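The values are calculated or read from the model by the stated rules, or taken from the named source; none is laboratory data. If you're wondering where the values come from, they're calculated on a predicted model, not measured in any experiment. Note that each Cβ is placed from the backbone with ideal geometry, even for glycine, and that neighbours are counted across all protein chains shown.
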RNA sequence: GCAGGGGUGGUCGAGUGGUUAAUGGCACCGGGCUGUAAACCCGGCGGGCUAACGCCCUACGUAGGUUCAAAUCCUACCCCCUGCA
C-alpha cells in the first residue's frame, strides 16, 4: 500500500469502522488508505479460528487496503478493572462473557499474525497519564521487556510465514509480509520517555509509536511529550501518535513531527451527535438547529453536506434513526481525512505554518 | 338512565392525611466522549427573584368543606372508560 503522511487512520476495532461501509472508506471522497483493527476484540470475537479459516482480517472484512492492528495493550489500560498484570502477560476477564483469558506479547503477535495486518503493534502497557514516576518506570520497563519479546516472537512468525494475509508478492517486499512498530511509554516523565525511546530504538522496529497519551493527562503535557520525542525518533521511520486526537491535536502533533494518527473521535462522536467542522465542533442535538437548512459545514465538500441540512440530521438523531449515526460518521471522517489531505498539500507547498494558523483561526471561531 | 372503575406535572404512570414541587419511564433541554466494554454516559427539567445560602408564588378534573395539616377524607358538579338497559 502507498500511504502518504501525515495520515489519519479511522478506527475499526471489531473489524468495522462503525457506521461506515468499506465502499465509502475507499471512495475518493474519504479515500482512507489504512484503518485499524484490534487484537483483543477480534481475539475474543470472532476468535482466531474463525479469522484463520476466513483467510485473515483483510479477506474476512473485505478490505484490500492497509490494516494496522493494535496489540491489545490499550485494553490493559482501558479494561483496568478486569485484568491482572504479571511479568508474563495479562490475565483478563473477557468483557464479553466473563471468561478468563491470558494475553502476552507472544499471544498478541500470534493473533496479529493470524489477522495478517500490514502493521503489527508491539504489546505494551499503557500507564495512566498522571502515573507517578515509580509507577511509570515500572510500567515503562515492562513495556520495554515486552517489546523485545514481541520482536522475537514476531520474527519467528515471519520466518515461518505464519501470517494469514501473506502472499508471495507480500513476502517479496522489502520488509516482508508484516511490519512491526514499537511503542514508547513513560507517562508524563521526560527522563522515562527518553529512556523508553532509546530502549525501543535499540530493539529496532519498522516504525515507532508514542503511546500513553490522551489518557487523562493535561493537554500541555501531551504536547510537551510529543515535542520531546518526535524530533528524536528515527527520521527514516514513520512516527505514530496513538489515539490522538481532535483536529487541533493533529495539527499540533504534525508541527512537532508526527506522521500517523488514529482516533475514535470522528466515529464515536459522530454516533453520539457531535459533528466536526472547519469551524469547530457542532452538537447536532442542539435546539438551535431545529429549522436550520444549512449543511453541517458550508465549506465541506462531502456528500452529506451536499445533500442534507442540520435540521434534517437533528431530526434523524432525535428520532434515534440509524441514518443519523451513519451520516454524521461519514461527515466526520470526511472532515478528518480532508483536513489531513490539506495538511499534506500545505507541507508539500511549504505553507504549513500559514495553513495551521488560518485553520485554527477559523476552527476556534466556532460554528454560526 | 343504572352499576362499577377512573381523572396527578409535556406525556405515561407511582403515590391514598404530615420533610410532596410530588418516585419512575419517556419526551424535551444542556454537557461530555482522544490506540472503542460507548448508536454511550452525566446533568437539568412548574414559575419568579438571587452572585449564592435561600425566599416567594402556583400546582394532583372543577367548586366547596373537614383538619394544626389534603393529591390523599367528605359533598356537589364536569369529563372519560367498562358492563347492563
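Residues A:222, A:260: which one is in contact with a strand residue (DSSP E or B) (Cβ under 7 Å, 6 or more places away or on another chain) and touching a residue at least 12 places away in the same chain (Cβ under 8 Å)? Break it down into steps so the answer makes sense when it comes.
Details: A:222 fails: in contact with a strand residue (DSSP E or B) (Cβ under 7 Å, 6 or more places away or on another chain).
The conditions single out A:260.
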Given the criterion surrounded by fewer than 18 Cβ atoms within 10 Å (Cβ to Cβ) and under 24 Å from residue A:149 (Cβ atoms), identify the matching residue among A:202, A:248, A:218, A:227. A:202
List pairs: first in region A:306-326 and in contact (Cβ under 8 Å) with a residue 24 or more places away in the chain and more than 10 Å from residue A:273 (Cβ to Cβ), second in a loop (DSSP other than H, G, I, E, B) and within 9 Å of RNA strand B (Cβ to nearest atom), Cβ under 6 Å, 6+ apart or cross-chain? A:326/A:19
Please find, among A:51, A:36, A:44, A:57, the residue that is under 16 Å from the mean Cα position of the chain (by Cα) and touching a residue at least 24 places away in the same chain (Cβ under 8 Å). A:36
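Please tell me if residue A:120 is out of contact with any strand residue (DSSP E or B) (no Cβ under 8 Å at 6 or more places or on another chain) and on the phi < 0 side of the Ramachandran plot.
In short, no.
Could you check region A:1-101 for helices (runs of 4 or more DSSP H) lying wholly inside it with 1 or more residues that are away from RNA strand B (no atom under 16 Å from the Cβ)? Walk me through how you get there before you give the answer.
On the way: elements: A:22-26, A:39-44, A:48-53, A:56-61, A:73-78.
Result: A:22-26, A:48-53, A:56-61.
Within region A:231-271, how many residues are assigned to a helix (DSSP H, G or I) and more than 6 Å from RNA strand B (Cβ to nearest atom)? First the steps, then the outcome.
Residues of region A:231-271 that are assigned to a helix (DSSP H, G or I), as a first pass: A:231-232, A:247-255, A:265-271.
Checking the rest, the ones that are also more than 6 Å from RNA strand B (Cβ to nearest atom) come to A:231-232, A:247-248, A:250-255, A:266, A:270.
The number of residues fulfilling the criteria is 12.
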Of everything in region A:272-290, what is within 11 Å of RNA strand B (Cβ to nearest atom), surrounded by fewer than 21 Cβ atoms within 10 Å (Cβ to Cβ) and assigned to a loop (DSSP other than H, G, I, E, B)? Give them in sequence order. A:272, A:273, A:285, A:286, A:290
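Are there any helices (runs of 4 or more DSSP H) wholly within region A:294-360 with 2 or more residues that are touching a helix residue (DSSP H, G or I) at 6+ places or on another chain (Cβ under 9 Å), exposed (fewer than 14 other Cβ atoms within 10 Å of the Cβ) and at pLDDT 95 or above, and if so which?
On the way: elements: A:303-307, A:310-319, A:322-348.
By residue number, A:322-348.
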